[in-house]
1. Could you grab me the full set of residues in the range 102-116 that are part of a strand (DSSP E or B) and either modelled with pLDDT under 95 or under 19 Å from residue 62 (Cβ atoms) (or both)?
2. Being touching a helix residue (DSSP H, G or I) at 6+ places or on another chain (Cβ under 7 Å) and loosely packed, with under 13 Cβ neighbours inside 10 Å narrows it down to one of 62, 42, so name that one.
3. Could you please find all residues in the range 122-153 being over 20 Å from the mean Cα position of the chain (by Cα), surrounded by 11 or more Cβ atoms within 10 Å (Cβ to Cβ) and not in a helix (DSSP H, G or I)?
4. Given the conditions (1) assigned to a helix (DSSP H, G or I); (2) in the same structural domain as residue 163 (by TED's automatic domain parsing); (3) exposed (fewer than 13 other Cβ atoms within 10 Å of the Cβ), and given that residue 19 satisfies all but one, which numbered condition is not satisfied?
5. Being without any contact (Cβ under 8 Å) to a residue 40 or more places away in the chain and either closer than 17 Å to residue 67 by Cβ or surrounded by fewer than 16 Cβ atoms within 10 Å (Cβ to Cβ) (or both) is the requirement here; does residue 94 meet it?
């Protein structure tokens, strides 16, 4: 993710580059252009949503990684890898006949699946903000998965595509 400071530097470089081409722009115009290039409506929106550079004593958090309970490795792989299109980041077992702890990811979304008793309770919901929800729906419907054919539901705050894994966990993909 680009920080506010990086975006301001981009605007400064853009302004200097345009000056060499005899196309001067104001600093505020350069900021607006950079904001639009980064996919924001305007600089005010970008500056509110871009990351602040943390100071040395600032507490910061990285994105969380939900842990979901699973009970059957084959069903978990069928659902998460084959149906949803995740790939395996890592697999861990303390010994061959002990529970599996599985890290999976798809395009920036990371989930951990665990057979360990104390790691998570079945029936969790993961809220997943995303882009291109129609494309995900079309991809999932094309797979003709026998245990679910999710559709997009329009809510007052955005569109939702919910899928349920074989263990009672719900993945709520959302686009506003």
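1. Here is the first cut: in the range 102-116, the residues part of a strand (DSSP E or B) are 102-106, 109-114.
Matches in the range 102-116: 103, 104, 105, 106, 109, 110, 111, 112.
2. Details: 62 fails: touching a helix residue (DSSP H, G or I) at 6+ places or on another chain (Cβ under 7 Å).
Criteria check complete, one pass: 42.
3. Filtering the range 122-153 for residues over 20 Å from the mean Cα position of the chain (by Cα) gives 122-123, 141-149.
This time we only want the ones that are surrounded by 11 or more Cβ atoms within 10 Å (Cβ to Cβ), so: 122-123, 141, 143, 145, 147-149.
Result: 122, 123, 143, 145, 147, 148, 149.
4. With respect to (1) assigned to a helix (DSSP H, G or I); (2) in the same structural domain as residue 163 (by TED's automatic domain parsing); (3) exposed (fewer than 13 other Cβ atoms within 10 Å of the Cβ), residue 19 is out only on (2).
5. On the way: without any contact (Cβ under 8 Å) to a residue 40 or more places away in the chain: yes; either closer than 17 Å to residue 67 by Cβ or surrounded by fewer than 16 Cβ atoms within 10 Å (Cβ to Cβ) (or both): yes.
Considered against the rule, which asks whether it is without any contact (Cβ under 8 Å) to a residue 40 or more places away in the chain and either closer than 17 Å to residue 67 by Cβ or surrounded by fewer than 16 Cβ atoms within 10 Å (Cβ to Cβ) (or both), residue 94 comes out as yes.
The values are calculated or read from the model by the stated rules, or taken from the named source; none is laboratory data. Bear in mind the structure is a predicted one, so any value in this text is a computation, not a measurement. Using ideal geometry, Cβ is built from the backbone for each residue, glycine included, and neighbour counts are taken over all protein chains shown.
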